[in-house]
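Derivation of every value follows stated rules applied to the coordinates shown; laboratory data play no part. Please read these numbers as outputs of a predicted model, since none were measured by experiment. Neighbour counts run over all protein chains shown; Cβ positions are idealised from the backbone, glycine included.
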Amino acid sequence: MGRFGERRLGVALLGLGRYATGQLGPALLETKRCYLAGVVTGHPEKAQKWAQTYKLNKKNLYNYENLDRIADNPEIDIIYVVTPPGLHPEFVIRAAKAGKHVISEKPMATTVADCDRMIAACKAAKVKLGIGYRLHYDPFHKEMVRLSSQSELGPITGMTGRFAFVLGEREFRIDKKLGGGGPLMDLGIYLIHAACMATGSTPVSVKAHEEPKQKPELFNEVEESLSWTMEFSTGAKLDASTSFNGSGNQFRVEGKKGWIEFKQAFSYRGLVCDTSRGPMTYPTINQQAAQMDDFADCILTGRDTIVPGELGRRDMQIITAIYESARTGRSVSVRTSGGLAITTPEYRQTPSVDRYRAAVPTS
């Protein structure tokens, strides 16, 4: 076996909720550079079920009390933290101290200060930290970045978007301590990230307002719906909205030479996108498998991930400014440090819009 040859890295999923169960576990059956080697959970019955389903070695089943012993397990190379955001800092820091590379699900944390702690811990331990930004690996979003970065759309003038669904029961997403906020943290972050991807930059200011609550008894700790505008130094603007009591999954980019419109923008699969030059069509990929394989490849080859902790920190700075604007009713400057341009050579290698076919796939 060569240095990078056929070696696959072992991943332990920490937190076995809906996303780990429905997406990450199945995705790790498709990955080429990594595989599911273990789990960390506070529920022994879940650990046993996962061990049976994925044929895991019993010694690779951990709980939150004995997690630190994972440092002595050479079969675990990566810990993917999939808990509610408010718990990310504790587990990312513990994973780093155990000498394991870490992926933190988005949003990275609930405060910028916690993002700083997570980044510092990983640097001190000399392990890599990545954020679960799966859409960086989806061909539709990669093509959006390529078209924007190569000016095929002309200068970007405006963007609009909405991401929303109806949340009917109490869960961590509307628990202020665990979720950090409401739909802005869980859904709005996709709109923020897409706008930064399309422009290749960070907004300079935001203006936001919270919509009146229709279910105040349910959303008594966080916002139910929120709308905001982000302004960029180039003059481009994003007008966006998000809600836990509505519907929407759209994103549109306007340029002086053309436009891109996602009618299904942020889903795990089945993205639908049209452009001023024709429909965009790509085969459906497993976004999570592509994301985890790339992170494993970064470890094996020594290159930097395109979704580092600093990127998650930047988005938390923007979210913090949006909440401040909604609270005060004023425009708020976005003060970011360590901000990252996310236009990379990988995106530019995507086939051009000229290759789009007539039909748009629906699955």
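Annotations
- Using θ = phi - 60° and Karplus 6.51 cos²θ - 1.76 cosθ + 1.60, couplings along region 263-280 (whole Hz; Gly, Pro as x): 8, 9, 9, 10, 6, 5, 7, x, 5, 10, 9, 10, 9, 5, 10, x, x, 9
- Between helix 88-97 and the chain there is an angle of about 50 degrees, using the helix long axis and the longest principal axis of the Cα atoms.
- Among the listed values (1) 60, 47, 41; (2) 74, 52, 36; (3) 57, 50, 37, the one computed from these coordinates for Cα extents along the principal axes in Å is (3).
- Calculated log₁₀ intensity ratio I(q)/I(0) where the Debye formula runs over C-alpha points of region 25-97, q = 0.16, 0.23, 0.25 Å⁻¹: -0.58, -1.21, -1.37
- Cα long-axis angle, helix 112-125 against the chain (0 to 90 degrees, to the nearest 10): 40
- For region 46-107, trypsin sites (Lys or Arg not before Pro) are listed when DSSP marks them as loop and at most 15 other Cβ atoms sit within 10 Å of their Cβ; the list is K55.
- Region 1-84: chymotrypsin sites (Phe, Trp or Tyr not before Pro) falling in loop per DSSP and having at most 13 other Cβ within 10 Å: F4
- Dipole of region 171-230, positive end: most advanced residue of G200, G182, V222 [Cβ charges, Cα centre]: G200
- C-alpha long axis of helix 309-328 to longest principal axis of the chain, angle in °: 50
- For region 85-185, the residue among H141, F172, T111 whose Cα projects farthest onto the positive side of the dipole built from Cβ charges is T111.
- Sparse-neighbourhood loop sites, trypsin sites (Lys or Arg not before Pro) in region 136-242 - DSSP loop, at most 13 other Cβ within 10 angstrom: R170
- Summarising the amide proton neighbourhood of G130: residues at separation of 5 or more, or on other chains, whose placed amide H is nearer than 5 Å comprise V102, I103, S104.
- Amide hydrogen neighbours beyond the local backbone of E211, cut-off 5 Å, H modeled: S225, L226, S227
- GNM result for the chain, Cα springs below 10 Å: residue of E223, E261, E211 fluctuating most strongly: E211
- Within the chain, DSSP assigns beta bridges of which about 55% are antiparallel (rounded to the nearest 5).
- Size of electric dipole in the chain: Cβ of Lys, Arg +1 and of Asp, Glu -1, about Cα centre, debye, nearest 20: 640
- Cα-centred dipole magnitude for region 9-131, charges only on beta-carbon of K, R (+1) and D, E (-1), debye, nearest 20: 260
- Cβ-placed point charges (K, R +1; D, E -1), dipole of region 72-156 about Cα centre in debye, nearest 20: 220
- Here D304, D293 are placed in order of increasing Cβ neighbour count within 10 Å, fewest first, which gives D304, D293.
- Candidates L67, H88, L36 compared by Cα position along the dipole of the chain: farthest toward the positive end lies L36, with charges placed on Cβ.
- The chain - mean residue ellipticity at 222 nm from DSSP helices (-39,500 (n - 2.57) per run, n ≥ 4, rounded to 500): -8500 deg cm²/dmol
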